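Here is the structure we will look at, set down as structure tokens.
The values are calculated or read from the model by the stated rules, or taken from the named source; none is laboratory data. These numbers were taken from a predicted model, which means no experiment stands behind them. Cβ placement follows ideal geometry from the backbone for every residue including glycine, while neighbour counts extend to all protein chains displayed.
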2 protein chains.
Amino acid sequence: MSWMGLSLIGAERGEPGGPTFTGWNPAEGVALEPRFHGARPQEVERACVLAEQAAPTLAALPSRQRAVFLEHIAEALLAAEADFLAVTPKETGLPPARIQGELGRAAGQFRQFARLLEEGSWVDARIDRALPERRPLPRPDLRSVLRPVGPVAVFGASNFPLAFSVAGGDTASALAAGCPVVAKAHPAHPATSERAGLAIRAAVVACGLHEGVFSLLFDAGTEVGASLVSHPAIRAVGFTGSRGGGRALMALAAARPVPIPVFAEMGSINPIFLLPEALAARPQAMADALATSILQGAGQFCTSPGLLVAVEGPGYEVFRARLAEKLGAASAAPMLTPAIAERFREGVSRLAARTDTRTCARGESKAALGAAALFEAEARVVLAERALTEEVFGSCAVLTVARDAAELVRVASRLEGQLTATVMMDAGDTALAAELLPTLSDRVGRVLMNGVPTGVEVCPAMVHGGPFPASSDGRFTAVGTGAIRRFVRPVCFQDVPDALLPPELREANPLHLWRTVEGVLKQE
Amino acid sequence: MSWMGLSLIGAERGEPGGPTFTGWNPAEGVALEPRFHGARPQEVERACVLAEQAAPTLAALPSRQRAVFLEHIAEALLAAEADFLAVTPKETGLPPARIQGELGRAAGQFRQFARLLEEGSWVDARIDRALPERRPLPRPDLRSVLRPVGPVAVFGASNFPLAFSVAGGDTASALAAGCPVVAKAHPAHPATSERAGLAIRAAVVACGLHEGVFSLLFDAGTEVGASLVSHPAIRAVGFTGSRGGGRALMALAAARPVPIPVFAEMGSINPIFLLPEALAARPQAMADALATSILQGAGQFCTSPGLLVAVEGPGYEVFRARLAEKLGAASAAPMLTPAIAERFREGVSRLAARTDTRTCARGESKAALGAAALFEAEARVVLAERALTEEVFGSCAVLTVARDAAELVRVASRLEGQLTATVMMDAGDTALAAELLPTLSDRVGRVLMNGVPTGVEVCPAMVHGGPFPASSDGRFTAVGTGAIRRFVRPVCFQDVPDALLPPELREANPLHLWRTVEGVLKQE
């Protein structure tokens, strides 16, 4: 196919006129064809108005037809594999195998939501029937169900050009909820974004839906995104990116005449706790597993480990040496954008320049390449210096050594909100693990044991999101079927005639849902 | 009992030293005994620190023991009935029968949450078991469950001294979720607040819980509340009150280094749509029902009707005349506080002074008494003038007449977020009702037909909360068992040994919960 470099405003294309930009090949350091045209203000306006018009139509679409729409998107994405392979590796520096895997994941997300809609019970239907004889007052008939909030603005992420971008998890969960989407493409992979947008548009057309169900806006800067978040038609925002970007959107959304929620997933340092027995028993195997996790995707994952906390004792020296060896021997890897590579180099240099921190491994990062780095500091330094627990996006970790288990727990208790925390433990560590768990549960979205945090499974039980600043709102997950809850709210119907009720609430339960009837789950 | 007028800081009493104030008898216009002492800054600090210390202990308490705690609170509240009857009517001007009813409601809320905890499935346990043979990568074991967010600040409401105050729905749902509560008493009913706080404290002691599970702070102004919302230990806020107050708390919470959610329920005008057939068939009966609703509690309910929308046609004149007669004949009723009475008078005067609005009924409001008022305006005026759809807290309504059904729908489509919307309809109005419903569902928390919005049932299906500005976050209800969702977030456990998992997630399902296993609801 050929790329036009123009926004998709409902069924139309945007027009040239806004500021232009191009993709960039980070591996070769060259600009890519074609030029992309930023959306003009009237195009942002039109996309939002169309989304507002489409909202009631999509909300009224029976849930199982919405499932068919999601299946169409999944198919359209998979059918575009050759196009993605032609442009995405160039735009991102990511290898083709990763792109194939991520495409499968992106399509899989739409399919998982389609299955959720087919089953249907996720709408949390609740029924409390009338009690006309109750004294002193009769009870009316009350029924509630989750309904879509309206148009959602989705910001593509730089580090997942498919699974967290235009056709990523935020878009999938918003459309699944019944909310039109206005997506803002990440400027680091515009051709990928245009192709993904066309796949969604094809599904909109194939299903005969209102054109406003989906639009895609380009912009190299922040203006289009800011107008989008400020537009009255937009009712919620999905974002994956930096803390600065996330906080800026949160501030914009909170300052609106009608504030709206922003679901910003802003990354974290994903601490790893190496408990004494495990460290003594298998220091090399743990170092190998963690090195692989730290190096994966050049460390450009929200769940990449950035802090390792051990207790001084048997195995520690072996672990440190092995991890340093593995990270030091890894070749520098292309990073997603020159700006990300630059920030990574700065972060590594800041740590290297500290006198309270020892450099254990540090390759040479140059141009768009990032080389892994490992630093070591005493736990008391980590406890005192916030800079050592700030994320350096890329393959960079701080290894800290506590004098005893109590100090390790203290490090855990001082952490900011995190997406994940990992505990490496053996049977003999159980008491310490049990002591750590409540502290970790209070600070993270996902606690894992004897694994690595990279690799986020898409499934009903996944929680990808943690207390601020890992996410803007730790009450919601951005991955897995639970993500749909971000874009719905309950509406109660009191004494509404059966024929006027949404099918989910009708007395005969035509969709055969599990419903909470008088407080009891029933499928009748 | 005797009232001390001092805050409850965990197991201790606050000390005199802060600014003092008294309750006020609005019916008699006299100050009440004793003097209440505002909490000093170190007391706010101590209450928050205690709550933070109590949080892990309350989170670890088995759900069924938490239910026992809630039952104890319910009993302690009911046992204090004589004390409430001695002080609450004086502090609020509300009649004893209302206080008795509200006390039953307050106790009932704790009992309803106790039953929810006993059953236990509300924690949304999800289990996706490991798939070690999956290719290309095995799947780990993933299990998630809702857990408490931590200490919650609760602001008592002026208009429900029991059911939405110190021992009201916010406190009940936060404690049910496993979150310690630091309550800020509303200064309009301090003696009621002290007594309710003592009931909760008695239950804390009886159940042997950490003293930090509950504290109560007094303050006549806004300083204590502001410090509370800004304190790092506080993780969420519950508030019922004015839009100004709610927005101020939202701004404070958003500006924190770690922002937290504010659940502010800020009231609305609860529009009533009188469809043509119903209006023609039973204008007098509808006028009577609505007059009763508008007059109930001197109109001091969040769900009091403030806008009535009819179509010009048969029955309209009869309806208007009857409603005006009923409201005009009602005697002026004591309002909760002199400030509320003053704002009511101002609001009524502003409407009366408009040249585009006709006064249909207006009694004489004086001192602390509020007399009902009814105004009439054409729908085009209501569409053009925001002032006619702003809440006047008290028995004051605007009746608007549309030229046709389309204009009535247009009025609905221009409304701000509302707690409720009511449709009065007969069988012949079904098509118009069906047309109205999606518009109303998009703007309100509860749609009701042929009823009155006052009277909010406490039950699983209730939604008391609507899109902004009715609530700060329309995704949550403040009444009914669903209110517990405001104070929890999901945590995922990956490959965590069974013995270390919370009981809700253990393989044997010891609590016999309904759980989502591989996406399917099961009780095994």
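Data for the structure
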quantity: Conditions (1) touching a residue at least 60 places away in the same chain (Cβ under 8 Å); (2) outside any loop (DSSP other than H, G, I, E, B): number failed by B:L94; calculated: (2)
quantity: Residue that is surrounded by the fewest Cβ atoms within 10 Å (Cβ to Cβ), among those in the range B:368-389 that are assigned to a loop (DSSP other than H, G, I, E, B) and modelled with pLDDT of 95 or more; calculated: B:A371
quantity: Listing of helices (runs of 4 or more DSSP H) fully contained in the range B:238-348 that carry 2 or more residues being surrounded by fewer than 24 Cβ atoms within 10 Å (Cβ to Cβ) and outside the structural domain of B:G23 (by TED's automatic domain parsing); calculated: B:276-281, B:283-295, B:316-329
quantity: Selection status of A:G474, crowded, with 23+ Cβ neighbours inside 10 Å and part of a loop (DSSP other than H, G, I, E, B); calculated: yes
quantity: In the range A:115-129, the residues that are more than 10 Å from chain B (Cβ to nearest Cβ), of a type in the set (A, V, I, L, M) and either surrounded by fewer than 23 Cβ atoms within 10 Å (Cβ to Cβ) or in contact with a Lys or Arg (Cβ under 7 Å, 6 or more places away or on another chain) (or both); calculated: A:L117
quantity: Odd one out for B:N270, checked against (1) at positive phi; (2) more than 20 Å from the chain's Cα centre (by Cα); (3) of a type outside the set (F, W, Y); calculated: (2)
quantity: All positions within the range B:228-237 that are within 19 Å of B:L8 (Cα to Cα) and assigned to a helix (DSSP H, G or I); calculated: B:L228, B:V229
quantity: Single match in A:R126, A:R115, A:R143, A:R134 (criterion: among the charged types (D, E, K, R), more than 19 Å from A:I260 (Cβ to Cβ) and free of Cβ contacts under 8 Å to residues at least 12 places away in the same chain); calculated: A:R134
quantity: Per-region count, the range A:235-261, residues farther than 20 Å from A:P187 by Cβ and in contact with a Leu (Cβ under 8 Å, 6 or more places away or on another chain); calculated: 0
quantity: Number of the exception - A:R489 against (1) facing chain B (nearest Cβ under 7 Å); (2) in contact with a helix residue (DSSP H, G or I) (Cβ under 9 Å, 6 or more places away or on another chain); (3) not in a helix (DSSP H, G or I); calculated: (2)
quantity: Test: residue in the range A:404-421 that is assigned by TED's automatic domain parsing to the domain that holds A:A285, more than 30 Å from the chain's Cα centre (by Cα) and among the aliphatic types (A, V, I, L, M); calculated: yes
quantity: Hits in the range B:49-65 - residues which are within 11 Å of chain A (Cβ to nearest Cβ) and either of a type outside the set (A, V, I, L, M, F, W, C) or more than 25 Å from the chain's Cα centre (by Cα) (or both); calculated: B:E52, B:P56, B:T57, B:A60
quantity: Whichever residue in the range B:442-467 is more than 8 Å from chain A (Cβ to nearest Cβ) and within 21 Å of B:R410 (Cβ to Cβ) and, among such residues, is surrounded by the fewest Cβ atoms within 10 Å (Cβ to Cβ); calculated: B:R443
quantity: Residue that is under 18 Å from A:A196 (Cβ atoms), of a type in the set (G, A, S) and not in a strand (DSSP E or B), where the choices are A:A55, A:A74, A:A27, A:A67; calculated: A:A74
quantity: The listed residue being surrounded by fewer than 24 Cβ atoms within 10 Å (Cβ to Cβ) and either modelled with pLDDT under 95 or over 29 Å from A:L521 (Cα atoms) (or both), out of B:P151, B:P161, B:P190, B:P136; calculated: B:P136
quantity: Among residues of the range B:431-441, those that are more than 23 Å from the chain's Cα centre (by Cα) and either more than 7 Å from every other protein chain (Cβ to nearest Cβ) or touching a residue at least 40 places away in the same chain (Cβ under 8 Å) (or both), counted; calculated: 6
quantity: Criterion (modelled with pLDDT of 95 or more, more than 25 Å from A:A163 (Cα to Cα) and of a type in the set (S, T, N, Q)) met by exactly one of A:S215, A:S230; calculated: A:S230
quantity: Meets criteria (aliphatic (A, V, I, L, M) and at pLDDT below 95) for A:A76; calculated: no
quantity: Selection within the range B:79-93 - at pLDDT 95 or above and of a type outside the set (S, T, N, Q); calculated: B:A79, B:A80, B:E81, B:A82, B:D83, B:F84, B:L85, B:A86, B:V87, B:P89, B:K90, B:E91
quantity: A:G394 vs. criteria on the phi > 0 side of the Ramachandran plot and either touching a helix residue (DSSP H, G or I) at 6+ places or on another chain (Cβ under 7 Å) or surrounded by fewer than 20 Cβ atoms within 10 Å (Cβ to Cβ) (or both); calculated: yes
quantity: Selection status of B:A264, of a type outside the set (D, E, K, R) and on the phi > 0 side of the Ramachandran plot; calculated: no
quantity: Close pairs (9 angstrom Cβ cut-off, 6 or more residues apart or separate chains): without any contact (Cβ under 8 Å) to a residue 40 or more places away in the chain in the range A:251-280, crowded, with 22+ Cβ neighbours inside 10 Å and charged (D, E, K, R) anywhere; calculated: A:V258/A:R235; A:I260/A:R235
quantity: Single match in A:F344, A:F319 (criterion: away from chain B (no Cβ under 14 Å), in contact with a Phe, Trp or Tyr (Cβ under 8 Å, 6 or more places away or on another chain), free of Cβ contacts under 8 Å to residues at least 60 places away in the same chain and aromatic (F, W, Y)); calculated: A:F344
quantity: Hey, A:V411 farther than 17 Å from A:M266 by Cβ, in a helix (DSSP H, G or I), among the hydrophobic types (A, V, I, L, M, F, W, C) and more than 7 Å from chain B (Cβ to nearest Cβ) or not; calculated: yes
quantity: Considering residues of the range B:493-518 that are within 22 Å of A:T516 (Cα to Cα) and not in a loop (DSSP other than H, G, I, E, B) only, the residue farthest from the other protein chains (Cβ to nearest Cβ); calculated: B:E504
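Okay, residues lined up against (1) more than 23 Å from B:G267 (Cβ to Cβ); (2) in contact with a Leu (Cβ under 6 Å, 6 or more places away or on another chain); (3) outside the structural domain of B:T420 (by TED's automatic domain parsing); (4) surrounded by 23 or more Cβ atoms within 10 Å (Cβ to Cβ):
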site: B:V479; (1), (2), (3), (4): no, no, yes, yes
site: B:V491; (1), (2), (3), (4): yes, no, yes, yes
site: B:Q494; (1), (2), (3), (4): yes, yes, yes, yes
site: B:D498; (1), (2), (3), (4): yes, no, yes, no
site: B:A508; (1), (2), (3), (4): yes, no, yes, no
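A quick yes/no check of all residues on (1) buried (at least 21 other Cβ atoms within 10 Å of the Cβ); (2) part of a helix (DSSP H, G or I); (3) among the basic types (K, R); (4) in contact with a strand residue (DSSP E or B) (Cβ under 7 Å, 6 or more places away or on another chain):
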| position | (1), (2), (3), (4) |
| --- | --- |
| B:R195 | yes, yes, yes, no |
| B:I200 | yes, yes, no, yes |
| B:V204 | yes, yes, no, yes |
| B:G221 | no, no, no, no |
| B:A226 | no, yes, no, no |
